[in-house]
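All remarks here apply to the structure that follows.
The values are calculated or read from the model by the stated rules, or taken from the named source; none is laboratory data. Given the structure is predicted, the values throughout are model-derived calculations rather than measurements. Neighbour counts run over all protein chains shown; Cβ positions are idealised from the backbone, glycine included.
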Number of protein chains: 2
Amino acid sequence: MAVFTPVSLDDLTQWLSQFPLGKALAIKGISSGIENSNFFIDTEAGEYVLTVFEKLSFEQLPFYLELMRHLAQRGVAVPAPIANADGSIINALHGKPAAIVSKLAGESQMSPGPVHCYAVGEMLAKMHLAARDFAIKQPNLRGLSWWRETAPVVLPFLPEEIQQLLRAELQFQEDFAETETFNNLPNGPVHADLFRNNVMFDGDRLTGFFDFYFAGCDTWLFDLAVTVNDWCIDVHTGGLDETRVAAMLDGYRSVQPFSIDEQLAWQPMLRAAALRFWLSRLYDFYLPRPAEMLTPLDPTDFERILRQRIAHPAPALV
Amino acid sequence: MAVFTPVSLDDLTQWLSQFPLGKALAIKGISSGIENSNFFIDTEAGEYVLTVFEKLSFEQLPFYLELMRHLAQRGVAVPAPIANADGSIINALHGKPAAIVSKLAGESQMSPGPVHCYAVGEMLAKMHLAARDFAIKQPNLRGLSWWRETAPVVLPFLPEEIQQLLRAELQFQEDFAETETFNNLPNGPVHADLFRNNVMFDGDRLTGFFDFYFAGCDTWLFDLAVTVNDWCIDVHTGGLDETRVAAMLDGYRSVQPFSIDEQLAWQPMLRAAALRFWLSRLYDFYLPRPAEMLTPLDPTDFERILRQRIAHPAPALV
């Protein structure tokens, strides 16, 4: 994450006293990501991750942190939130909500092969099943409603031909969302942002999913489409690598087979997943916020992916 | 068509006396096709086509011939049936039902370009609209029920790996047919067999669709998928030629835009259209009927097309 709220070692030392983690030894900002301020922290109890939430409120946060606790308790490898002496997992730091979670072993696999894609698909399906009985409900806050709000804000920055693509795709997704096929899709809490940098591997062993702060209730297929659109593409063209796609789908299917409605919805959902990140990157590109260490992401990557998904659909989800 | 029932000039001379076409001058069997016996006939009134129906009954035939009359009356270029002195358009010949229809100008375009595909798509949509108020109802007799009956008959002739493909696809199509998306598709009388050899062109001008003897009530999208699977492919690989596909869809869309359900159903329907002809060719290959001039068609062409549609879906139907 970019660091929007600086936290010094002195700040941390004072704040950490409420947790059963001993003294603070070191703190280091994490540069990846764009929505929260994240830090690696060393304590006498070991290494953890501190997140200061820049946009999410005290009211919104229990969904994310309780979901992580829920999943961790069911054997899904995710960071476990650490409670303070009062049992609270969300506590103010510099006036903003903040949380400490356990640090996953390993590192991100930015050049994944089929073995990594299979493991991610398999664990994604296990996560969907494990989250089914999670009690707190919250929609995906970057879903269709947000697309509808955001498109008019970014459209004026775009050339006419690109405006047409964006308008046509938004209309298509609005029509799609009203079909019975869409309404029949299995849904529940999903990660909704499972890019390569939000998964850890120790060699070829998947050690966990993290950064659940875009999670929400949505279709499982949307989650899978977001994941395929990052893990299984040729990054130069945005086209799909069929071997990696097949591996990820095999992994998912080994846990949970695809329904007929999921099969019908697969191509539209890959487009929806591209649209969602195209819109957020357009927004962050044309309406940037002040931040330290912010690395802006290129919105045209997802414009290219959307065009690819329209012109060259993925293999059928059999 | 292959000629299953020979008709001599003497036979024709006698039979033709009931029609207002003058004397019979010549008769010539037509070799293409596999379901009826067809002949070009020269009469004092001009050139016509005589069809002797090998499988279709007197009860079934009004659907086809009245549909042709209905379409011709609404400006869709199709052969017009000729009535005899009693006003009947279906009359026995060698104990089988037979009919005479007007002959279309031009010839089949077996190497179509985008201009031909656009014209076919455009006229196909016009035909679907013109057929909406046709009063006689008959299902597509080569639809899902027939696939269900036929698959068990041909499966024993196939190697295990190909059996698996056929079984899986039939199951997929059965599931698909039960979805709301399928049930929402616009439907009505369709040609259902609009291959290149069933369309005439005079240069680049489309002069008509013919051979309506597989017509029935089905989804418009099925008709379009059958047509795309023949007109818009690389015949060596079974892969789609995107330029010709785009031209045919542009032609169709210029008359009738695609609904959201048609967009969702496009890939499954291209597979359905491949399955239908794979099954009938398997049947004709492994359980052939006696016939003169019969040219058996290779069933593996449509097995290849089906595999292509699964692995490399068509561009989105936007």
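Observations on the structure shown:
- For the range B:174-198, the set of residues classified as within 21 Å of B:R132 (Cα to Cα), aliphatic (A, V, I, L, M) and either out of contact with any strand residue (DSSP E or B) (no Cβ under 7 Å at 6 or more places or on another chain) or away from every other protein chain (no Cβ under 14 Å) (or both) consists of B:V190, B:A192, B:L194, listed by residue number.
- Cβ-Cβ under 6 Å pairs, at least 6 apart or on other chains, the range B:262-278 side within 9 Å of chain A (Cβ to nearest Cβ), far side assigned to a helix (DSSP H, G or I) and among the charged types (D, E, K, R): B:R271/B:R309
- Within the range B:218-261, being of a type in the set (S, T, Y), over 19 Å from the mean Cα position of the chain (by Cα) and either away from chain A (no Cβ under 12 Å) or assigned to a helix (DSSP H, G or I) (or both) holds for B:T237, B:T243, B:S254.
- Positions within the range A:180-195 being within 21 Å of A:L141 (Cα to Cα), of a type outside the set (D, E) and surrounded by 15 or more Cβ atoms within 10 Å (Cβ to Cβ), in sequence order: A:F182, A:N184, A:L185, A:P186, A:N187, A:G188, A:P189, A:V190, A:H191, A:A192, A:L194, A:F195
- Scanning the range A:145-166 for residues that are within 14 Å of chain B (Cβ to nearest Cβ) and either aliphatic (A, V, I, L, M) or surrounded by 13 or more Cβ atoms within 10 Å (Cβ to Cβ) (or both) returns A:L165, A:L166.
- Within the range B:296-318, residues that are within 14 Å of another protein chain (Cβ to nearest Cβ) reach partners that are basic (K, R) and not in a loop (DSSP other than H, G, I, E, B) with beta carbons closer than 8 Å, at six or more positions or on different chains, in the pairs B:L306/B:R271; B:R309/B:R271; B:I310/B:R271; B:A316/A:R271; B:A316/A:R309.
- Where a residue in the range A:140-162 is basic (K, R) and its partner, wherever it lies, is at pLDDT 95 or above and not in a helix (DSSP H, G or I), with Cβ under 8 Å and at least six apart: A:R142/A:A192; A:R142/A:G216
- When each of A:D11, A:D42 is tested for being out of contact with any strand residue (DSSP E or B) (no Cβ under 7 Å at 6 or more places or on another chain), outside any loop (DSSP other than H, G, I, E, B), farther than 27 Å from A:L297 by Cα and of a type in the set (D, E, K, R), the lone residue that passes is A:D11.
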